[in-house]
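The values are calculated or read from the model by the stated rules, or taken from the named source; none is laboratory data. None of the values given here were measured: they were computed from a predicted structure. Positions of Cβ are generated from backbone atoms using ideal geometry, with glycine treated the same way; all protein chains shown enter the neighbour counts.
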Ligand code: CFM
């Protein structure tokens, strides 16, 4: 392990001093002696000239949070490239149901105003208004989202005014998102902008609570490769009414009723913690951080949720389902574990999966020795207790903070939502970490590395030295890593596979990883540095 830690110095020696100083702050080596996580620099600008793995605010808003809402048309106001390249790349699945017929599902379509030079010169507002009219005439959606791209902000098109006027014209809700790509240092800014609008404009406008004794929302689950469906299967069987999975396979109708649930579960803390927190403030609904990636962590999460309701029958059913599912998949995983035991992984993913997949890998006998995030914040590394100490900078101040107050009619104290006495709730809080996330650090082992906003040079150096058996990331580096002779799996889109969540997901993941590691192709590849001398430039040599 010390060998990996040593890599960091080697990796940094190539940098000019200022870059070295900066990048050092984005790295942590897990030290067992340190009780809490050392401070990491995160959610700050990538150094100009360095190509990192991050996306833009528009990607975080349109692609991640609102894009999956199936019965809303989402219009990209901007050049066609922004619309086209954000179309169908994330594998957030949706299907028709009782309230949303197949011809009302738009999440798989691409709508864009295709701004041209004249629109940039003379303004694009009229074109956007015409486009909304066309969309309403042709598709009759329940509601529409309009997302701004960089040029829209630069020329000053007032998309909020256009959306408002069109909404009045057509009698439906039309939301405008000022999520210009440059609004933040990464897609994380777009998550926040989307969370704000959803919370302010959609949540709370419905009045229908779904029937059931225990009604829950699953927030920050986007149904990539069908993950949300696997979780709904398990949660429904245990006895919960899943009010809404936000936003995987979600509908505008369900989001309107988001506040009519007893408990919010948070899978991806990074992308949705704002809504969880705002719902706690406005409606008093408590939230619980869960992780449904991995068998043990799924079992743990299910037990924690059951504890929140203090219902004997529910607890019994939870144990029954856990026992049955674990027994069902155990023998299958045992086979895979024989091949995977002792293998190592290196992951760089957005802002939550590098933590979540550590559990599934451990279930399979593997260990994630390097965990990287593209755009996580300090709380995702160090735990939420650091939030009050994070100083806002010019970039974070770009995004409005909504200051909500308890809703006069709908606010209830958390113990009322959970149908228990205040005393019982206090006892529960001591046992279950409600409204809290501890971050990635505590789950890592001594000598393991945490890296924020890594770039290609760093990835290459870490792979050379740490020699992981498996690299978990996205399509941008998948094939580069293959050429180094290392198996690589896409953890964003699952390489067209999935689901990877819950019980069935664990089997799919184990099978895919075994296939990736055992293909004979690796024997045919020699990493470039083993067959040719390295060429370094004079100035940096
Ligand atoms: Fe949350 Fe996500 Fe992620 Fe994310 Fe993403 Fe994604 Fe991701 Mo790709 S919402 S932070 S912005 S878990 S699209 S479903 S895989 S980078 S780690």
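Could you tell me which of the residues 314, 302 is more than 14 Å from the ligand (Cβ to nearest atom), surrounded by 21 or more Cβ atoms within 10 Å (Cβ to Cβ) and farther than 16 Å from residue 492 by Cα?
Answer to the check: 302.
Look through 475, 459 and report the one residue that is under 23 Å from the mean Cα position of the chain (by Cα), under 18 Å from residue 372 (Cβ atoms), free of Cβ contacts under 8 Å to residues at least 60 places away in the same chain and within 16 Å of the ligand (Cβ to nearest atom).
Sole residue among the options that is under 23 Å from the mean Cα position of the chain (by Cα), under 18 Å from residue 372 (Cβ atoms), free of Cβ contacts under 8 Å to residues at least 60 places away in the same chain and within 16 Å of the ligand (Cβ to nearest atom): 475.
Restricting attention to region 285-292, does a residue exist that is touching a strand residue (DSSP E or B) at 6+ places or on another chain (Cβ under 9 Å), more than 27 Å from residue 90 (Cβ to Cβ) and at pLDDT 95 or above?
yes
So which residues in region 34-51 are touching a helix residue (DSSP H, G or I) at 6+ places or on another chain (Cβ under 8 Å) and within 16 Å of the ligand (Cβ to nearest atom)?
42, 43
Taking residue 155 as the residue in question, decide whether it is over 20 Å from residue 246 (Cα atoms) and touching a helix residue (DSSP H, G or I) at 6+ places or on another chain (Cβ under 9 Å).
Values: over 20 Å from residue 246 (Cα atoms): yes; touching a helix residue (DSSP H, G or I) at 6+ places or on another chain (Cβ under 9 Å): yes.
Considered against the rule, which asks whether it is over 20 Å from residue 246 (Cα atoms) and touching a helix residue (DSSP H, G or I) at 6+ places or on another chain (Cβ under 9 Å), residue 155 comes out as yes.
Before we move on, is residue 399 more than 30 Å from residue 466 (Cα to Cα) and within 16 Å of the ligand (Cβ to nearest atom)?
So residue 399 passes the test.
Which strands (runs of 3 or more DSSP E) sit wholly inside region 157-271 and have at least 1 residues that are at pLDDT 95 or above and within 22 Å of residue 311 (Cβ to Cβ)?
Details: elements: 173-177, 214-221, 240-247, 263-266.
By residue number, 214-221, 240-247, 263-266.
Answer yes or no as to whether residue 66 is under 30 Å from residue 193 (Cβ atoms), away from the ligand (no atom under 15 Å from the Cβ), surrounded by 13 or more Cβ atoms within 10 Å (Cβ to Cβ) and in contact (Cβ under 8 Å) with a residue 24 or more places away in the chain.
So residue 66 does not fit the description; no.
Okay, residues lined up against (1) within 15 Å of the ligand (Cβ to nearest atom); (2) within 30 Å of residue 40 (Cβ to Cβ); (3) surrounded by 21 or more Cβ atoms within 10 Å (Cβ to Cβ):
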residue: 307; (1), (2), (3): no, no, no
residue: 335; (1), (2), (3): no, no, no
residue: 343; (1), (2), (3): no, yes, no
residue: 357; (1), (2), (3): yes, yes, yes
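Go through region 370-389 residue by residue and tally those that are under 21 Å from the mean Cα position of the chain (by Cα) and more than 16 Å from the ligand (Cβ to nearest atom). Working first, answer last.
So in region 370-389, the residues under 21 Å from the mean Cα position of the chain (by Cα) come out as 370-387.
Next, only the ones that are more than 16 Å from the ligand (Cβ to nearest atom) stay: 382-383, 385-387.
Residues flagged as under 21 Å from the mean Cα position of the chain (by Cα) and more than 16 Å from the ligand (Cβ to nearest atom) within region 370-389 amount to 5.
Quick one: residue 54 ticks every box in (1) within 24 Å of the chain's Cα centre (by Cα); (2) part of a loop (DSSP other than H, G, I, E, B); (3) more than 16 Å from the ligand (Cβ to nearest atom) bar one, so which box is it?
So residue 54 meets the others, but not (3).
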